[in-house]
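I have placed the structure first, in the form of structure tokens, so that the comments after it can refer back to it.
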Amino acid sequence: MPAGTLYRGREGMWSWVAHRVTGVLIFFFLFVHVLDTALVRVSPEDYDKVVATYKTPLVACLEYGLVAAILFHALNGLRVIAVDFWSQGPRYQKQMFWGVMILWLALMIGAIYPVLGHAAREVLGS
């Protein structure tokens, strides 16, 4: 496969950028998660305070963003694997990109209620 084949076109460029951005965001989430979990050994009271902040509607929206990042990163990673290891991958990379985007969007719509339902009930008073 010639150099640059994987990221030819506008879709390839944006998927490359989004894959790197989501990877960095996931890394920082994991870093913060390890730190806040380690807090339980240092100060259980402070750990309880931190966990209480996680039950706010703002954090629920951030969790939805985390789900979006992980899901995109995983699906796009599978697309990259297919392009790299399937002999017909480079030929169908644009179609696979749009397939990833449609599947990602469908799964994100399906994740709205499970991830944001509690926050909506809290904000709307239900």
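The values are calculated or read from the model by the stated rules, or taken from the named source; none is laboratory data. Since we're looking at a predicted model, the values are computed, not measured. We place every Cβ from the backbone using ideal geometry, glycine too, and count neighbours over all the protein chains shown. For accessibility, only protein heavy atoms count, side chains too; no ligands or nucleic acids. Shrake-Rupley method; radii C 1.70, N 1.55, O 1.52, S 1.80 Å.
Summary of values
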item: Given (1) in contact (Cβ under 8 Å) with a residue 60 or more places away in the chain; (2) under 26 Å from VAL115 (Cβ atoms); (3) of a type outside the set (A, V, I, L, M, F, W, C), index of the condition GLY65 fails; result: (1)
item: Segment 80-126, residues that are of a type in the set (A, V, I, L, M), open to solvent by 60 Å² or more (accessible area, probe 1.4 Å) and touching a residue at least 12 places away in the same chain (Cβ under 8 Å); result: LEU103, LEU107, ILE112, VAL123
item: Residue within segment 63-78 that is under 15 Å from the mean Cα position of the chain (by Cα), open to solvent by less than 70 Å² (accessible area, probe 1.4 Å) and among the polar types (S, T, N, Q) present; result: yes
item: Flag for ARG20 being without any contact (Cβ under 8 Å) to a residue 24 or more places away in the chain, surrounded by fewer than 11 Cβ atoms within 10 Å (Cβ to Cβ) and either of a type outside the set (A, V, I, L, M, F, W, C) or outside any helix (DSSP H, G or I) (or both); result: no
item: Verdict on ALA74 being under 29 Å from LEU124 (Cα atoms) and out of contact with any Lys or Arg (no Cβ under 9 Å at 6 or more places or on another chain); result: no
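Every residue, every condition in (1) among the small types (Gly, Ala, Ser); (2) assigned to a helix (DSSP H, G or I); (3) at pLDDT 95 or above; (4) closer than 24 Å to GLY117 by Cβ, yes or no:
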site	(1), (2), (3), (4)
TRP16	no, yes, no, no
LEU35	no, yes, no, no
PHE72	no, yes, yes, yes
ALA82	yes, yes, no, no
MET96	no, yes, no, no
LEU103	no, yes, yes, yes
ALA106	yes, yes, yes, yes
